[in-house]
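Each remark here refers to the structure printed beneath this line.
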Amino acid sequence: MARLPAARRFIRRFVAGERTEDALRVIAGLNAQGLVCAVTYLGENVTTPADAARAAGAYVDLLGEIERRRLAAVPSLKLTHLGLDLGEAVCRANLETVLARGRASSSLVWIDMESTAYTDRTLDLYARTRPSFANAACVVQAYLRRTQTDVERLIELGATVRLCKGAYREPRELAFPDKGQVDANYARLLDRFFADDAQARSVYVGVATHDERLIARARDGARARGIARERFEIQMLYGIRSDLHRRLAADGLRLRVLVPYGEDWYGYFMRRLAERPANLVFFLRHLFRR
Ligand code: FDA
């Protein structure tokens with residue numbers, strides 16, 4: 001796919017490029033517009049300890065470059081990229097290496113949430129590392145029926161949490177099948193993070209969505225409760241609804257754009273195609289034109 005110029009252009013809409021330098025250049029551009037970033041070195045489900053260690057090493061180097069260039073960006077990584085399929089010990093050692101490097105430059109490290117095969121292991125590892133690493137941040141998915149319970153546990157921990165809708169194909173016993181239900185659950189969970197007891201525990205929420213109604217709900221909910229703009233942020237993916245950036249900044253909201261890069265872009269790119277059929281149609285039309 002990437003060899004066809006038309007396909008490459010379309011992939012580049014969502015993925016900064018294959019090299020670290022591509023991501024750093026995109027981040028510098030977004031920072032210049034007043035936006036802060038998260039950055040993902042793409043990769044998942046590695047099958048050898050050496051690959052897992054290489055991924056951790058890439059994040060350590062990335063943190064060094066971010067610091068050296070004084071960029072406003074923090075890593076957002078997947079535990080299966082750090083070896084979760086190879087056992088918790090391998091993954092935890094790699095995660096702690098990245099967390100320690102992050103802590104040295106006062107950087108948060110977001111731990112993405114993957115499919116339900118990993119939900120328990122991811123949240124357990126987060127809960128175990130968080131006491132030693134206050135810079136660890138995690139993710140919950142509003143499409144999962146279990147998330148309401150997980151959120152209570154995270155509030156207890158005073159966690160830094162990203163709330164997203166969820167991007168994996170899951171069975172209806174585990175995930176709400178209907179978009180309306182997912183959106184309603186997202187709104188409920190957002191309100192829960194903004195509740196007085198959660199805020200008293202210093203819970204910080206990353207409102208990760210491009211859904212204008214939910215972003216407005218976060219903005220209005222925070223205002224109504226007197227929650228300062230430093231106490232939460234809106235998060236969006238690179239290449240999606242960038243037309244909203246200026247308006248959100250004008251509303252006084254802190255906005256973080258997640259910039260993905262790397263050679264292993266296929267899984268990420270396919271999730272972006274799958275969540276919006278119009279993307280697939282556009283992509284195929286582009287591909288077969290000429
Ligand atoms: P929704 O799908 O309702 O879209 C709202 C609007 O956004 C659409 O009408 C459209 O305009 C635009 N839009 C959304 N997706 C688009 C696309 N692919 N192409 C073009 N336009 C699009 N998921 C997960 O399971 N684990 C994780 O760790 C993360 N991490 C994460 C970080 C950040 C910063 C974001 C923003 C999202 C994630 N996600 C994620 C992905 C998330 O679960 C979800 O799949 C996408 O954000 C799309 O859902 P929306 O909330 O945007 O709503």
| One residue from G166, G87 being of a type in the set (G, A, S), in contact with a helix residue (DSSP H, G or I) (Cβ under 8 Å, 6 or more places away or on another chain) and either away from the ligand (no atom under 16 Å from the Cβ) or under 22 Å from G267 (Cα atoms) (or both) | G166
| message | Every residue in region 25-39 that is open to solvent by 20 Å² or more (accessible area, probe 1.4 Å) and either among the polar types (S, T, N, Q) or in a helix (DSSP H, G or I) (or both), please. | response | R25, V26, A28, G29, N31, A32, Q33
| query | Does region 84-100 contain at least one residue that is over 30 Å from R128 (Cβ atoms), among the acidic types (D, E) and part of a helix (DSSP H, G or I)? | reply | no
| Residue among A32, A100, A72 that is within 17 Å of the chain's Cα centre (by Cα) and either over 21 Å from L237 (Cβ atoms) or more than 14 Å from the ligand (Cβ to nearest atom) (or both) | A72
| query | Of the residues that make up region 236-248, is at least one among the aromatic types (F, W, Y) and more than 10 Å from the ligand (Cβ to nearest atom)? | reply | no
| remark: The number of residues in region 169-180 that are crowded, with 17+ Cβ neighbours inside 10 Å, in a loop (DSSP other than H, G, I, E, B) and within 12 Å of the ligand (Cβ to nearest atom) is 1
| message | Here is a check on your reading of the model: is D183 in a helix (DSSP H, G or I), out of contact with any Phe, Trp or Tyr (no Cβ under 9 Å at 6 or more places or on another chain) and within 10 Å of the ligand (Cβ to nearest atom)? | response | yes
| task | Please tell me if Q148 is open to solvent by 40 Å² or more (accessible area, probe 1.4 Å) and either within 9 Å of the ligand (Cβ to nearest atom) or touching a Lys or Arg at 6+ places or on another chain (Cβ under 8 Å) (or both). | result | yes
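The values are calculated or read from the model by the stated rules, or taken from the named source; none is laboratory data. Since the model is a prediction, treat every value here as computed from it, not as a measurement. Using ideal geometry, Cβ is built from the backbone for each residue, glycine included, and neighbour counts are taken over all protein chains shown. Note: areas computed on protein heavy atoms with side chains; ligands, DNA, RNA excluded. Shrake-Rupley method; radii C 1.70, N 1.55, O 1.52, S 1.80 Å.
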